[in-house]
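Enquirer: I'd like to ask you about the structure that follows.
The values are calculated or read from the model by the stated rules, or taken from the named source; none is laboratory data. All values derive from a computational prediction rather than experimental measurement. Here the Cβ positions follow ideal geometry from the backbone for every residue, glycine too, while neighbour counts run over all protein chains shown.
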Amino acid sequence: MATKAFTGGVVLKRGDGTDPEVFTVVPELKIAPSIGVNKDIIKVSNFDSIDNHEYIAAYLGDGVEVTLEWNLLLDDVQQTAIRDDVNDGVNRNFELTVTNGTKVLTRTFTVTMMGWNDDFSFEDAHKLSAKGKITGAIVDVVV
């Protein structure tokens, strides 16, 4: 039997930095982050390399830049805290959960917050956008 694809149920929570950390939903998420890692390669060839071939290896993982977008809520504590994280130069832990109705993927990661902006529109909802870069490991748990 084929496994069902994820069809919704995406929730993004912001950590409070305490121990143990408490994660709280940042409401009205419109665009969830594209989460991943890129690796540069390094040459590991040497004078003993076989058949004059070049050998390479993956180097340290480099987290991708993430873009987040919410419907703007002017008085929301968590949305205000996103702006504060950028302004204060904070690395912030996030928890993203995705469900397909049967299984839940919980992905935790840390983001170096790099920028935010409020977008006001006559024809669409006002938006809060934020940008950051993943730093460190991404941890996945599926239950």
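Enquirer: Please tell me if Thr102 is in contact (Cβ under 8 Å) with a residue 40 or more places away in the chain, assigned to a loop (DSSP other than H, G, I, E, B) and closer than 17 Å to Val141 by Cα. Give the steps one after another, and end with the answer.
Expert: Values: in contact (Cβ under 8 Å) with a residue 40 or more places away in the chain: yes; assigned to a loop (DSSP other than H, G, I, E, B): yes; closer than 17 Å to Val141 by Cα: yes.
For Thr102, the condition - in contact (Cβ under 8 Å) with a residue 40 or more places away in the chain, assigned to a loop (DSSP other than H, G, I, E, B) and closer than 17 Å to Val141 by Cα - is met.
Enquirer: Among the residues of segment 26-34, is any under 30 Å from Leu128 (Cα atoms) and more than 15 Å from the chain's Cα centre (by Cα)?
Expert: The answer is yes, given that some residue of segment 26-34 is under 30 Å from Leu128 (Cα atoms) and more than 15 Å from the chain's Cα centre (by Cα).
Enquirer: Of the numbered conditions (1) of a type in the set (Lys, Arg); (2) in contact with a Lys or Arg (Cβ under 9 Å, 6 or more places away or on another chain); (3) over 20 Å from Gly115 (Cβ atoms), Lys43 satisfies every one except a single condition; which is it?
Expert: It is condition (2) that Lys43 fails.
Enquirer: Quick check on Thr102: is it modelled with pLDDT under 95, more than 30 Å from Tyr59 (Cβ to Cβ), surrounded by 17 or more Cβ atoms within 10 Å (Cβ to Cβ) and out of contact with any helix residue (DSSP H, G or I) (no Cβ under 9 Å at 6 or more places or on another chain)?
Expert: Working: modelled with pLDDT under 95: yes; more than 30 Å from Tyr59 (Cβ to Cβ): yes; surrounded by 17 or more Cβ atoms within 10 Å (Cβ to Cβ): no; out of contact with any helix residue (DSSP H, G or I) (no Cβ under 9 Å at 6 or more places or on another chain): yes.
When the stated conditions are applied, Thr102 does not pass them.
Enquirer: Here's a follow-up. Scan segment 83-99 for residues that are part of a strand (DSSP E or B) and either at pLDDT 90 or above or under 30 Å from Asp40 (Cα atoms) (or both) and jot them down. Spell out how you get there, then give the answer.
Expert: Just the residues of segment 83-99 that are part of a strand (DSSP E or B), to begin with: 91-99.
Passing the criteria: Asn91, Arg92, Asn93, Phe94, Glu95, Leu96, Thr97, Val98.
Enquirer: When only residues in segment 41-77 that are in a loop (DSSP other than H, G, I, E, B) and among the hydrophobic types (A, V, I, L, M, F, W, C) count, which is farthest from Ser121 (Cα to Cα)?
Expert: Applying the first criterion (in a loop (DSSP other than H, G, I, E, B)) to segment 41-77 yields 44-49, 53-55, 64, 72-76.
Filter once more, so that each one left must be among the hydrophobic types (A, V, I, L, M, F, W, C): 44, 47, 64, 72-74.
Details: Val44: 53, Phe47: 62, Val64: 29, Leu72: 11, Leu73: 14, Leu74: 14 Å.
Top of the filtered list is Phe47.
Enquirer: Restricting segment 27-40 to residues that are loosely packed, with under 15 Cβ neighbours inside 10 Å and assigned to a loop (DSSP other than H, G, I, E, B), which is modelled with the lowest pLDDT?
Expert: So, considering only residues that are loosely packed, with under 15 Cβ neighbours inside 10 Å and assigned to a loop (DSSP other than H, G, I, E, B), the one modelled with the lowest pLDDT is Ser34.
Enquirer: Can you pull out every residue in segment 111-128 that is assigned to a strand (DSSP E or B) and not β-branched (Val, Ile, Thr)?
Expert: Passing the criteria: Met113, Met114, Gly115, Trp116, Asn117, Asp118, Asp119, Lys127, Leu128.
Enquirer: Only one of these is out of contact with any Lys or Arg (no Cβ under 8 Å at 6 or more places or on another chain), in a strand (DSSP E or B) and at pLDDT 95 or above: Thr108, Thr80. Name it.
Expert: Details: Thr80 fails: in a strand (DSSP E or B).
That would be Thr108, the only listed residue that is out of contact with any Lys or Arg (no Cβ under 8 Å at 6 or more places or on another chain), in a strand (DSSP E or B) and at pLDDT 95 or above.
Enquirer: Kindly evaluate Ala137 against the criterion of being out of contact with any Phe, Trp or Tyr (no Cβ under 7 Å at 6 or more places or on another chain) and part of a loop (DSSP other than H, G, I, E, B).
Expert: Working: out of contact with any Phe, Trp or Tyr (no Cβ under 7 Å at 6 or more places or on another chain): yes; part of a loop (DSSP other than H, G, I, E, B): no.
So Ala137 fails the test.
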